[in-house]
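Undergrad: Take a look at the following structure, please.
The values are calculated or read from the model by the stated rules, or taken from the named source; none is laboratory data. Predicted model, so just to flag it, every value in this text is computed and none were measured. Neighbour counts run over all protein chains shown; Cβ positions are idealised from the backbone, glycine included.
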Amino acid sequence: MFDLIIRGDQVVTPQGTGAWDVCIQGDTIAAIAAPGTFDDSQAGQVIDARGKIVIPGGIDPHIHSLWHIPPLEEGGEVTWTDGPDVVSRAAIHGGTTTLLDFASWQQKGTLEEVINVRKQDWTGNCYTDYGYHVLLQGAIPPELMPQIAEVIQEGYPSIKIFTTDITPSRRGRKMNHGHIWEVFKVLKKEGGIAAIHAEDDEIVMHMYDVLQREGRMGFENLAEVHNTMSEDLSFRRIIRLAEHVDGTPLYMMHVSAATGVAAIEAARAKGFPIYGETLHQYLMFTHEHYKRPNGQIYHTYPSLKETSDQDALWEGQLRGSISSIATDEICCNLSTKTQGCRIDDTTGGNAGCEPRVSVMYTEMVKKRGYTLEKFTDLVSTNAAKIMGMYPQKGALAAGSDADIVVLDPGQSRTITAARLHESDYTPWEGYESEVWPSLTVLRGKVMMQDGEFFGDRTDGKFLKRKVAEAIRNRPAI
């Protein structure tokens, strides 16, 4: 007797797409069965998903909840973005069942203390399953190195590093290459992976100075500051450094430029274990969108680039240099998102977790002819593999967590902020999506069905992760 059977004729499994019945018992998938193997009497509930697309729950490997927004003026009040309850509820509505946030060390306390603080933010306050990257900022004291080794073994294998302070007002984020070198040694030895925000700090800060001297401080000039040359230089330096540490695996976050794609592709061609992440805003918007009313809503760091960079990102997905699509989620209201209007104070991130899966299906499958398998890899499976959650997450297979999304072509819609669950704005206002989730299941529990929400804030569970050896030793996906 199963708790739930989902019957579909386009079910995406690790073996391909076909007509299958997904049979769920408790938290897990008990069987992927041929249609008719089990009749309706053998399940407590049966859902007919024929004519729809059935995929594993989406995974967003890069979000920020309860993230601080710096004040515009010195001594001003720091504000905080929405918490995991808001972000995860929106994620469930949009077909995402797993989120990875950050536990941030900022030059004080132990890593254990930092993680415990983050646990207080998330435990009992989240509708999705979740985990944390450990974010290190600034100079790393020698006594922190054994702690990095410990947290990797405890299930936090991805360590976030900045190679830039991003803006002049955010001093203290950048880690110098000597300290990165030392961290890489620990990652290689202990089985971790480096998650890198890579921009060349000298180029970025130089361009802030140049534009200030020229009186061109409007945020519409951000692409000149966070430019393609910066991405080229920083990616190649980080890759070369990692190569010198016996091939420390790299996950390059929010790849935004053709130069970044090229650097990743060249390293992968040599067998180096490196993976690229991009964001759906880089795929959909360019720096020309900054010129629109409230153009800040399209921005995250690094900046939006040219259409040629977009082309490279799309091509990179097909060639393997771009492995996952994330959001860099920052969930705040429109007034906060647009409060800064200069190159040095514009709020980064986007409220984009909810539309990600549906928008990417529309762009990938309907407009560009991607297979359902390729689409699923980019919004779910690859992130699970790279970040040490597969096959528990990211797969419709016997023994995997019963995280399931049904995308319904009959629920195509015009995206509006009023119909979403994140914020009072969306960069995708007016976008015509070809599908929308009609069902989201988290570990066997129906969380959302036909727009009705059944989740509880205690449903989300913390995920301990371990990156597979194959992922760490070669470009395995």
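Undergrad: In contact (Cβ under 8 Å) with a residue 12 or more places away in the chain and either part of a loop (DSSP other than H, G, I, E, B) or more than 25 Å from Asp101 (Cα to Cα) (or both): does that describe Val467?
TA: Judged against the criteria, Val467 is a match.
Undergrad: Could I ask something else about it? Could you list all residues from segment 276-301 that are of a type in the set (A, V, I, L, M, F, W, C) and assigned to a helix (DSSP H, G or I)?
TA: Scanning segment 276-301 gives Leu283, Met284, Ile297.
Undergrad: Here's another thing I want to ask about it. Across segment 348-381, what is the number of residues that are polar (S, T, N, Q) and at pLDDT below 95?
TA: Adding up the residues that qualify gives 1.
Undergrad: Mind counting the residues in segment 206-233 that are touching a helix residue (DSSP H, G or I) at 6+ places or on another chain (Cβ under 9 Å) and either among the basic types (Lys, Arg) or at positive phi (or both)?
TA: Summing the residues that are touching a helix residue (DSSP H, G or I) at 6+ places or on another chain (Cβ under 9 Å) and either among the basic types (Lys, Arg) or at positive phi (or both) in segment 206-233 gives 1.
Undergrad: Another question, if that's okay. Starting from segment 415-437, keep only residues that are on the phi > 0 side of the Ramachandran plot, then list their pairs with residues that are outside any strand (DSSP E or B) and surrounded by fewer than 17 Cβ atoms within 10 Å (Cβ to Cβ) whose Cβ atoms are within a distance under 8 Å, requiring at least 6 positions of separation or different chains.
TA: Partner pairs satisfying both residue conditions: Gly430/Thr416.
Undergrad: Go through segment 302-319 and give me each residue that's within 21 Å of Phe272 (Cα to Cα), touching a strand residue (DSSP E or B) at 6+ places or on another chain (Cβ under 9 Å) and either part of a loop (DSSP other than H, G, I, E, B) or charged (D, E, K, R) (or both).
TA: Of everything in segment 302-319, just one residue is within 21 Å of Phe272 (Cα to Cα), touching a strand residue (DSSP E or B) at 6+ places or on another chain (Cβ under 9 Å) and either part of a loop (DSSP other than H, G, I, E, B) or charged (D, E, K, R) (or both), namely Glu315.
Undergrad: Which of the helices (runs of 4 or more DSSP H) contained wholly in segment 122-236 include at least 2 residues that are more than 24 Å from Ala326 (Cα to Cα) and aliphatic (A, V, I, L, M)?
TA: In segment 122-236, the matching helices (runs of 4 or more DSSP H) lie at 145-153, 177-190, 201-213.
Undergrad: Tell me whether segment 386-393 contains one or more residues that are assigned to a helix (DSSP H, G or I) and under 30 Å from Ser169 (Cα atoms).
TA: So far as segment 386-393 goes, no, none of its residues is assigned to a helix (DSSP H, G or I) and under 30 Å from Ser169 (Cα atoms).
Undergrad: If you don't mind, another one. List the residue pairs whose Cβ atoms are under 6 Å apart, where the first residue sits in segment 121-135 and is within 12 Å of Gly83 (Cβ to Cβ), the second is surrounded by fewer than 22 Cβ atoms within 10 Å (Cβ to Cβ), and the two are 6 or more positions apart or on different chains.
TA: From residues that are within 12 Å of Gly83 (Cβ to Cβ), the pairs are Asp121/Leu66; Gly124/Thr458; Asn125/Asp85; Asn125/Arg457; Tyr127/Gly455; Tyr127/Asp459.
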